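The values are calculated or read from the model by the stated rules, or taken from the named source; none is laboratory data. Since we're looking at a predicted model, the values are computed, not measured. Backbone-built Cβ (ideal geometry, glycine too); neighbour counts: all protein chains shown. Ligands, DNA and RNA are excluded from the accessible area calculation, which covers all protein heavy atoms including side chains. Shrake-Rupley method; radii C 1.70, N 1.55, O 1.52, S 1.80 Å.
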Amino acid sequence: SQTSSQTLLVLAKLRPRFSAIAHLQTVHSAAINHFATSTNWMRAIRLLSVLYNALVSTSSKEVLPTYLELFLRTIRPYFVIIHTWLAEGRLEDWQEEFIFHKRELPAGSVEETEDFWSSVYKQREYKQMLRKEKIEPLRLLEGLDSKILSSGKSIEILHRLDRIRSSHMERKPADLFTS
């Protein structure tokens, strides 16, 4: 009888954790849906979207800290990619996990044209793909995605111009009064 009462006490203490595990299982299932057939960028944005949606919609104090920690750890590589692009003018996404990508264009494409910059940097169709899977796209990027794309292209153009100017300055000193 003492063993059964101890078992009941243990079960009573674990019951909230069972609920938390069930919540985590649901989020996990949604995040890894179609994993084997998805691209890296789709896997990443699906995971971020599912975690973010779980984070902002949960009322369970047992899983909230876990969702927050998982989301912050998962979004960090995205922030590193965004920072590198916006601060240094380089879109570096070695694992192809970002929602923006740089297309390689054929040799001879002229970089100085607006068409070049519009056709090289593209946003992936992540919103439509997530909605097909009945997942609300990452609201954190809502409205920011187009601004990140424009800013990233602009910063890269400025960095390229700065490199061109620097290499030109090394070859011939600038003198406003030289004719």
Checklist entry - Mind checking whether some residue in the range 62-79 is closer than 20 Å to E133 by Cβ, touching a Lys or Arg at 6+ places or on another chain (Cβ under 6 Å) and assigned to a helix (DSSP H, G or I)? => result no
Checklist outcome for this item: Note: among Q25, Q6, just one is modelled with pLDDT under 90 and farther than 30 Å from E156 by Cα, namely Q6
Checklist entry - Would a scan of the range 120-131 turn up a residue that is at pLDDT 75 or above, over 15 Å from the mean Cα position of the chain (by Cα) and open to solvent by 90 Å² or more (accessible area, probe 1.4 Å)? => result yes
Checklist entry - When the range 33-61 is examined, which residues are found to be more than 21 Å from E142 (Cα to Cα), surrounded by 12 or more Cβ atoms within 10 Å (Cβ to Cβ) and hydroxyl-bearing (S, T, Y)? => result S38, T39, S60
Next on the checklist: Which residue is modelled with the highest pLDDT, if the candidates are limited to the range 86-119 and must be aliphatic (A, V, I, L, M), surrounded by 12 or more Cβ atoms within 10 Å (Cβ to Cβ) and under 20 Å from S151 (Cα atoms)?
Outcome noted: I99
Next on the checklist: The conditions are (1) modelled with pLDDT of 90 or more; (2) open to solvent by 80 Å² or more (accessible area, probe 1.4 Å); (3) aliphatic (A, V, I, L, M); (4) more than 16 Å from L138 (Cα to Cα), and L64 fails exactly one of them. Which is it?
Outcome noted: (2)
Item to check | Count - residues of the range 138-159 that are surrounded by 15 or more Cβ atoms within 10 Å (Cβ to Cβ) and either in contact with a Pro (Cβ under 8 Å, 6 or more places away or on another chain) or within 14 Å of F98 (Cα to Cα) (or both) | outcome: 6
Checklist outcome for this item: Restricted to the range 1-32 and to residues being touching a residue at least 40 places away in the same chain (Cβ under 8 Å) and open to solvent by 70 Å² or more (accessible area, probe 1.4 Å), the residue nearest to E136 (Cα to Cα) is H23
Next on the checklist: Against the definition (surrounded by 12 or more Cβ atoms within 10 Å (Cβ to Cβ), part of a helix (DSSP H, G or I) and either at pLDDT below 90 or not hydrophobic (A, V, I, L, M, F, W, C) (or both)), how does H83 come out, yes or no?
Outcome noted: no
Next on the checklist: Under 7 Å between Cβ atoms, which residue pairs at least 6 apart in sequence (or on different chains) link something in the range 74-86 that is closer than 11 Å to I155 by Cα with a partner that is assigned to a helix (DSSP H, G or I)?
Outcome noted: W85/G152; W85/I155; L86/S151; L86/G152; L86/I155
